[in-house]
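Enquirer: Take a look at this one; I'll ask things after.
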Amino acid sequence: MRSLIEASKRLVVLTGAGMSTESGIPDFRSAGGFFEDETRAQRMSDSFYRADPEGFWPEYKAVFLRPEFLAAKPNPGHLALAELERMGKDITILTQNVDGLHAAAGSAHVLELHGNIHAAFCPRCGARYTLDEILANDVPHCHAYTLKGGDCQEILQPDIVLFEQPVRHYQEAFYAVARADLLLIIGSSLTVEPVASLPQYASHAAKRVVINLEPTDLDERADLCFYERQAEVFAAILAD
Ligand SMILES: [Zn+2]
């Protein structure tokens, strides 16, 4: 594994919920996760937000903006990936996670395919807002000045991809995978489309490594599979 990373000139890392569970953030889609409750999942949708943005925000905050999630810190796996980049490795991280922990660890080339909980925007005028501004009121409104005079007042939309919305940066992610010589899948069971299809665009010559607690459909085509916690795999690599 260490030799594969050392030999790689263009490393692409695809991370899913299993990357963040080791920072204390649960897998929302897993058994017993928040989205096993279908009503709750339905309320994290674009159509629910549009129909009732005022009712949406308390639900959204109860799922995604819990204090323990906002206090989560990058774990050794996030830090190891950031360190590889600092050491000069050409590395692009594609993540399904919305917690911003790759950026917090110091990784610069991160494509957040499902957006990020640390920001919101105004669907009317496009003004952007920080997490502090989102948390300041139960239902955050836009206070940008408008040309008509007065505040915009539109209810904000969180900067994550809601159900029914397309993922972000898919084309960039596609090109990153297509040019990769090493594809590292961490903590994703590759079940959520369209991200699940990304690995099939890797070149035949590219090496594939899967680190996930459960088997994935990619395993039989992978050069290496680790059914372990990712932080332990990185610790073993770094200790070699
Ligand atoms: Zn606005």
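Enquirer: Could you sort 9-15, 194-200 so that the peptide with the highest average Cβ count within 10 Å comes first and the rest follow in order?
Expert: Details: 9-15: 22.6, 194-200: 17.1.
My ranking of the peptides, most packed first, is 9-15, 194-200.
Enquirer: Using R₀ = 41 Å, calculate the FRET efficiency as 1/(1 + (r/R₀)^6) where r is the Cβ-Cβ separation of residue 124 and residue 191; round to 0.05. Walk me through the numbers on the way to the answer.
Expert: Details: r = 35 Å, r/R0 = 0.86.
Step by step, r from the Cβ atoms, then E = 0.70.
Enquirer: What FRET efficiency would be calculated for the residue pair residue 151, residue 219, taking the C-beta separation as r and a Förster radius of 45 Å, to the nearest 0.05? Don't jump to the answer; show the numbers that get you there.
Expert: On the way: r = 53 Å, r/R0 = 1.19.
Given R0 = 45 Å and the Cβ-Cβ separation, E is 0.25.
Enquirer: Ignoring ligands, DNA and RNA, please state the percent of accessible area on the range 10-130 from carbon and sulfur, probe 1.4 Å.
Expert: Details: 2690 of 5160 Å².
For the range 10-130, the apolar C and S fraction of the accessible surface comes to 52 percent.
Enquirer: Here is a further query. Using a 10 angstrom cutoff on alpha carbons, build the Gaussian network for the chain and name the most mobile of 179, 66, 168.
Expert: Maximum among the listed residues: 66.
Enquirer: What value, in deg cm²/dmol to 500, does the helix sum -39500 (n - 2.57) over DSSP H runs of n ≥ 4 give at 222 nm once divided by the residues of the chain? Can you show the working numbers first?
Expert: Working: 11 runs with 81 residues, N = 240.
About -8500 deg cm²/dmol.
Enquirer: Related question: Among 101, 18, 174, whose Cα lies farthest out toward the positive end of the dipole of the chain, if unit charges sit on the beta carbon of Lys, Arg (+1) and Asp, Glu (-1)?
Expert: Of the options given, the answer is 174.
Enquirer: Turning to a different aspect of this structure: So what is the relative contact order of the chain, in percent, for Cα pairs below 8 Å that sit 6 or more residues apart? Please report the intermediate quantities before stating the final value.
Expert: Working: 414 pairs, mean separation 56.5, N = 240.
Reported relative contact order: 24 percent.
Enquirer: Let me have the relative contact order for the range 42-117, percent, based on Cα pairs under 8 Å that are six or more residues apart. All intermediate terms of the calculation are to be shown ahead of the outcome.
Expert: Values: 70 pairs, mean separation 19.3, N = 76.
Reported relative contact order: 25 percent.
Enquirer: Averaged per residue, what accessible surface does the range 79-127 expose to a 1.4 Å probe, in Å²? Each step should come with its number before you reach the end.
Expert: Working: 1850 Å² over 49 residues.
With the other protein chains kept in place, the range 79-127 gives 38 Å² per residue.
Enquirer: For a Förster distance of 22 Å, can you work out the FRET efficiency between the beta-carbons of residue 201 and residue 104, rounded to the nearest 0.05? Write out the running numbers ahead of the final one.
Expert: Numbers: r = 28 Å, r/R0 = 1.29.
The calculated FRET efficiency here is 0.20.
Enquirer: Also, quick follow-up: If we count GluC sites (Glu not before Pro) as exposed when they sit in a DSSP loop and have at most 15 other beta carbons within 10 Å, what is the longest stretch of the chain that avoids them all? List each step's numbers first, then the result.
Expert: Details: sites that count: 164, 228.
That would be 1-163.
Enquirer: Something else about it: With an 8 Å cut-off on Cα pairs and a minimum separation of 6 or more residues, tell me the relative contact order of the range 152-240 in percent. Numbers along the way, then the final one.
Expert: Numbers: 97 pairs, mean separation 20.1, N = 89.
After rounding, I find 23 percent.
Enquirer: Cross-link candidates for residue 207: which lysines have Cα within less than 24 Å, leaving aside residues fewer than 8 places away along the same chain?
Expert: 9, 89
Enquirer: Could you work out the mean projected area of the convex hull around the alpha carbons of the range 138-222, in square nanometres to one decimal?
Expert: Working: hull surface 35.1 nm².
So the mean shadow area of the Cα hull is 8.8 nm².
Enquirer: Per Stokes-Einstein, at 25 °C and 0.890 mPa s, what whole-number D in µm² s⁻¹ belongs to the chain, with the Kirkwood radius over Cα pairs as the hydrodynamic radius?
Expert: Details: Rh = 18.9 Å.
The calculation lands on 130 µm²/s.
The values are calculated or read from the model by the stated rules, or taken from the named source; none is laboratory data. Predicted, not measured: the structure shown is a model, and the values here were computed from it. Note: ideal-geometry Cβ built from the backbone for every residue, glycine included; neighbour counts use all protein chains shown. Note: areas computed on protein heavy atoms with side chains; ligands, DNA, RNA excluded. Shrake-Rupley method; radii C 1.70, N 1.55, O 1.52, S 1.80 Å.
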